[in-house]
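Have a look at the structure below, then the notes.
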Amino acid sequence: MAGACCKCSASLSVFKRSLSVTSRSSAPASRPIHTWGRLGERGALDGWLAARPSALKTVSSYRHPVFLCFSCKEAMSDSLRTCYVYLNQTSRSFAAVIQALDGDLRHAVCIFYLVLRALDTVEDDMTIPVEQKLPLLTHFHTHLYQPHWQYTHSMEKDRQVLEDFPTISAEFRKLGEKYQEVIVDVCRRMGGGMAEFLEKKVTSMKEWDKYCHYVAGLVGVGLSRLFSASQLEDSEVGEDHELANSMGLFLQKTNIIRDYLEDQRDGRAFWPQEAWSKFACRLEDFADPQHLSAGLSCLNFLVTDALRHVPDVIAYLSRLRNQSVFNFCAIPQVMAIATLSACYNNPMVFQGVVKIRKGQAVTLMMQATNMAAVKSIIAQYSQEMLQKVCVSDPSRERTLHMLSVIQERSLCQDSLASRAHTHTHTHTHTPLSPFYLSAAMLLAALSWQYLSATANTSTDHTH
């Protein structure tokens, strides 16, 4: 295994395992997680993708896990190296995106992810009795300062992050205090929220927002605070919790909407009762073709609710100054708006899997590297949804209003400070050097492999 990169701002380290091509005869890949969304249950594609056949061929020729490293200045410790092994094992998509971040923010976000992954593993494990799970969730944050604490009774596939939690917590304690404070606080609040919804169904729309805040909005708040703590972004990014929360809620709601059928088959229910009870007696009725019209009405109602977060997404992204942070945040958001557009008024939500095509994903991820392009993408998909609004849809007026607001914001050139004029913020802006672009293109090739590996696990949706 080659040496691992650590402090270099333009470095990139990726495990072959994290984005390797899986043959069609092999077991399906575990579902990718969303950078801002619920860790264990929902997924969306992250990363910077582009078609680079030569790089793809070179990377895919490896048969063993390797680090691909550029401009390394020092090697990782064994324990930090192990943390990146766990990162690649538990997340195929998030791993590549994290490792493209600049400076020490990379390690902070890696540990942040693994801590929340461990917490989420406890929450997802249905073999843990409720009386044991409740205190585990509410006190989980305290174990970050207990060097020998571990949990060895989990049956979940990602249980290694609990069994070897001492390695993760050791690296956590090596982080700067500014990072530790953020991670502990978010872990405490998320654990409390998970405990609250452990035996509680999501009934009202208000509770849906609250649930999504605990499992995704807090991730957005935590990441934003880490961005600011690293000084790669201004303090206002970490201080505006409302915008950060909206970033997480938009992704989480999109995934919940898309995954209706899969969640039903797994015995899970995340669509709020206040919404589905307007159109059916039972949530599972929507999977019956006889109730398709009612299902589409409920689907469009929830899509419209998710759309109200898009203006905040535009405002948030407009504030970002660092290129690696911008890519990290923008790419999942444009993937989400494309996914939401694919879901809107689409019967396939109740009959199969709705997924944007690989080529479409490649185009989006190549384009979403500046604010003007992101606004253009958002305007494009809002227009696409606008053309699908039915005259008879019960949410028609509200949907048209939200799409109008989104188009106004996405076409406006003065939404906060445009990233096109970041030359005045040289203390946080990282220029796109030829080296940085080369590293990004390698990540693009790896990400293309990831898309190919997971393509056989779901049916592509064609607009």
Using a 10 Å cut-off on Cβ atoms, rank the peptides 129-135, 105-111 from the highest mean neighbour count down.
105-111, 129-135
Using DSSP to call loops (not H, G, I, E or B), can you name the GluC sites (Glu not before Pro) in the stretch 176-258 whose Cβ has at most 12 other Cβ atoms within 10 angstrom?
199
With a probe of 1.4 Å, find how much accessible area the stretch 307-420 has per residue, and write the answer as a whole number in Å².
35
When the accessible area of the stretch 86-154 is computed with all protein chains present and a 1.4 Å probe, what percentage of it is carbon and sulfur?
58
Can you send over the carbon and sulfur percentage of the accessible area for the stretch 212-296, probe radius 1.4 Å, protein chains only?
43
Counting heavy atoms of the protein chains only and a 1.4 Å probe, report the per residue accessible area for the stretch 105-159 as a whole number of Å².
42
Calculated over the stretch 64-195: convex hull of Cα atoms, volume per residue (Å³)
114
Filter on 201/253; 201/388; 178/210 - keep pairs with C-alpha separation over 20 Å
201/388; 178/210
Result for the stretch 195-270: accessible area per residue, probe 1.4 angstrom, in square angstrom, of 36
Any aspartates and glutamates whose Cα falls less than 18 Å from that of residue 358, other than same-chain ones fewer than 8 residues away, would be 46, 460
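The values are calculated or read from the model by the stated rules, or taken from the named source; none is laboratory data. Computed from a prediction, not measured in an experiment: that's the story for all the values here. As a convention, Cβ positions derive from the backbone with ideal geometry for all residues, glycine included, and neighbour counts pool all protein chains shown. SASA here: full protein model, heavy atoms, side chains in, ligands and nucleic acids out. Shrake-Rupley method; radii C 1.70, N 1.55, O 1.52, S 1.80 Å.
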